[in-house]
Amino acid sequence: MEVRVIIMTGEEFVKLCFNEKESILKEYFSVSSRTEVAGRINLLIESGTDRNELYRLIDLVLSENYYSLLLALDGEASLDGKQECYKLFDENHNLLNECGELEEAAFSFFMEDTYNSIKRKR
């Protein structure tokens, strides 16, 4: 029996981060969620805050934070004033990213829609 070893790429890592962000948003806006954030969101909605506007705001905050963190890991931005490339490894010690490889995927997954939306409004 042949055992196949699957090696994750930096782009796949970014996609996992994006999927996690989407799961977090879904949980926060679920009426059955018991998280502190979901409770506060529901209070805001009950007090008249527009649900769609709140969703877009929290989506933007999460997207910008994930994007900034991924760029910092990639050496393309600073993390608390310190800028260097961090190497990500899987559990088998395979390198997931070379310095600079996460930036393009991070922009594509987290910022491209926002960037294009801003351009359309101008």
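The values are calculated or read from the model by the stated rules, or taken from the named source; none is laboratory data. Everything numeric in this text was worked out from a predicted model, so none of it was measured. Please note: Cβ atoms are built from the backbone with ideal geometry, for glycine as well, and neighbour counts cover all protein chains shown.
Can you list residue pairs whose Cβ atoms sit under 7 Å apart, with the first residue in the stretch 38-53 being among the basic types (Lys, Arg) and the second being assigned to a helix (DSSP H, G or I)? Count only pairs 6 or more apart in sequence or on different chains.
Arg51/Ile45
Just to be sure, is Glu53 more than 14 Å from the chain's Cα centre (by Cα), part of a helix (DSSP H, G or I) and loosely packed, with under 13 Cβ neighbours inside 10 Å? I'd like the intermediate steps shown before the answer.
Numbers: more than 14 Å from the chain's Cα centre (by Cα): yes; part of a helix (DSSP H, G or I): yes; loosely packed, with under 13 Cβ neighbours inside 10 Å: yes.
Taking the combined requirement at face value, the residue satisfies it.
Given the options Ser63, Ser68, name the one that is without any contact (Cβ under 8 Å) to a residue 24 or more places away in the chain, under 30 Å from Asn92 (Cα atoms), part of a helix (DSSP H, G or I) and hydroxyl-bearing (Ser, Thr, Tyr).
Details: Ser63 fails: without any contact (Cβ under 8 Å) to a residue 24 or more places away in the chain.
When all the criteria are applied, what remains is Ser68.
So if I check each of Glu27, Glu46, which one is loosely packed, with under 12 Cβ neighbours inside 10 Å, over 11 Å from the mean Cα position of the chain (by Cα), modelled with pLDDT of 95 or more and over 22 Å from Leu96 (Cβ atoms)?
Values: Glu27 fails: loosely packed, with under 12 Cβ neighbours inside 10 Å.
Unique residue meeting the criteria: Glu46.
Select from the stretch 30-43 the residues that are under 20 Å from the mean Cα position of the chain (by Cα) and hydroxyl-bearing (Ser, Thr, Tyr) and list them in ascending order.
Hits for the stretch 30-43 are Ser30, Thr35.
Kindly indicate whether any position in the stretch 84-94 is loosely packed, with under 13 Cβ neighbours inside 10 Å and assigned to a helix (DSSP H, G or I). Working first, answer last.
So in the stretch 84-94, the residues loosely packed, with under 13 Cβ neighbours inside 10 Å come out as 84, 86-87, 89, 91-93.
From what's left, assigned to a helix (DSSP H, G or I): none.
Checked against the condition, which is being loosely packed, with under 13 Cβ neighbours inside 10 Å and assigned to a helix (DSSP H, G or I), the stretch 84-94 yields no hits at all.
Are any residues in the stretch 35-50 in a helix (DSSP H, G or I) and under 19 Å from Ser23 (Cβ atoms), and if so, which ones?
Pass one, the stretch 35-50, residues in a helix (DSSP H, G or I): 36-46.
Result: Glu36, Val37, Ala38, Gly39, Arg40, Ile41, Asn42.
Have a look at Glu103, Glu22 and point out the one that is of a type outside the set (A, V, I, L, M, F, W, C) and out of contact with any Asp or Glu (no Cβ under 7 Å at 6 or more places or on another chain). Quick ask: steps written out before the conclusion?
Working: Glu103 fails: out of contact with any Asp or Glu (no Cβ under 7 Å at 6 or more places or on another chain).
Of the residues listed, the single one that is of a type outside the set (A, V, I, L, M, F, W, C) and out of contact with any Asp or Glu (no Cβ under 7 Å at 6 or more places or on another chain) is Glu22.
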